[in-house]
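Here the structure is laid out as structure tokens; the discussion comes afterwards.
Bear in mind that the values in this text are calculations on the coordinates, not laboratory data. Keep in mind that this is a model prediction, so the values were computed, not measured. In this analysis, Cβ positions are derived from the backbone assuming ideal geometry, glycine residues included, and neighbour counts consider all displayed protein chains.
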Amino acid sequence: TMSGVRHCESIHQCRICASKILSQRQLELESINNEHLKSGGSVLLVSLTIKNSKYDTFESLLGSTKNKTGILWAYSNLSYKYKRRFKKLLDLYSVVFSVRVFESTWGINGFHVHTHSLFYLNRKLSEQELFDFKLQFYKLWKLSLKDVGLTCNFEHGVDVQDGSNAGKYIAKWSGSSELSSAHVKKAKNGNFTIAQLENLLLDESQKDLPISQVKAVLREYYKGCYKKKFMCWSGDMKLKNKYLEDAKLKELSDEECVESSDIVSKHKVVIGNGTYKNIYIKNQLHELRTSFELQG
């Protein structure tokens with residue numbers, strides 16, 4: 001048995017902590033969505049992507065706000081260099097606050113890094129307004145990407161979905177699940193999600209990818225995500241907090257999510273002395289723990 005284990009509270013590098021944190025974030029987002037829609041507002045799901053190739057490193061695509069690189073800075077840069085134009089766009093369409101997350105898949109063309117955001121509006125938009133919002137957002141997004149040496153196209157660079165009605169992102173996905181369930185989603189177009197790559201490590205019979213390649217991809221991903229904030233809010237936080245209070249919810253920190261979660265994580269495994277000795281001698285204790293944590 002293992003005792004005195006400290007929770008790492010990492011969404012990107014630990015499936016157990018991620019399941020606890022993200023389940024709470026999904027509950028919070030769904031409550032905020034419901035309260036906002038009850039007030040007569042609407043919600044837009046905005047997905048932003050960038051062009052990539054198999055020669056791009058994960059770090060160059062994701063980047064960081066600290067180093068002013070990659071997609072993370074391109075998004076933040078909308079509120080810095082292009083602050084006046086971005087604020088004008090948000091005011092025009094009555095956006096009161098928003099939340100942004102990032103995720104990545106991997107395939108034959110390398111890492112596909114993108115962001116998902118929920119924009120909360122005080123009113124509902126017509127089909128024409130939705131198109132105009134996307135067009136203006138795309139112009140700003142392309143400019144901001146250019147500042148960090150990245151690019152996109154109109155078809156895939158900005159995707160805007162009307163999440164205020166009974167559409168797939170609010171009714172089926174509850175809007176928030178697209179943002180907070182990256183650990184269970186399946187990738188598209190032959191790509192692998194990070195969770196799928198992690199599972200390949202535990203499947204000795206899999207023929208999809210060489211284990212050495214899977215390890216290299218995950219190593220690069222974990223390094224690039226280190227200390228990166230998963231979910232970022234902006235705008236009228238008083239209104240957001242009011243929605244949580246109305247739903248009788250308290251916004252928890254990542255640490256509080258892990259400590260208060262009712263997801264069972266205490267198990268006992270009995271291993272024979274001979275087996276344990278072989279594992280210890282071969283320095284494979286970390287692989288044993290990883291396999292157990294991922295239910296392999």
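Over 29 Å between C-alpha atoms is what I'm after, so list which of 83/223; 68/248; 228/277; 51/134; 207/228 land there.
Exceeds cut-off: 83/223; 68/248; 228/277; 207/228.
³J(HN,Hα) across region 30-35 via Karplus (A = 6.51, B = -1.76, C = 1.60, θ = phi - 60°), whole Hz, x for Gly/Pro?
Working through the residues one at a time gives 5, 5, 5, 4, 4, 5 Hz.
Suppose the chain between residue 247 and residue 147 were pulled fully straight at 0.36 nm per residue; how much longer would it get relative to their current alpha carbon spacing?
31.9 nm
How would region 1-99 be classified by its alpha-carbon gyration tensor: rounded, prolate or oblate, with rounded meaning a/c under 1.5 and the a/b versus b/c comparison settling the rest?
Cα axes put region 1-99 in the oblate bin.
Give me, ordered by chain and number, the residues 5 or more places off residue 152 or on other chains with an amide H under 5 Å from its own placed amide H.
Hits under the 5 Å cutoff: 51.
What residues from region 28-71 fall in the zone where the backbone N is under 14 Å from a label point 7 Å along the Cα-to-C-beta line of residue 79?
Hits in region 28-71 for residue 79 at 14 Å: 65-66.
Return the loop-located chymotrypsin sites (Phe, Trp or Tyr not before Pro) in region 33-142 (DSSP other than H, G, I, E, B) with at most 15 other Cβ atoms within 10 Å of their own Cβ; answer none if there are none.
Hits after loop and neighbour filter: 55, 80.
Taking the mean number of other Cβ atoms within 10 Å as a proxy for protection, how do you rank 211-218, 270-277 from highest to lowest?
Descending mean neighbour count gives 211-218, 270-277.
Between residue 279 and residue 67, what is the FRET efficiency for a Förster distance of 51 Å, r being their Cβ-Cβ separation, to the nearest 0.05?
Efficiency, rounded to the nearest 0.05: 0.80.
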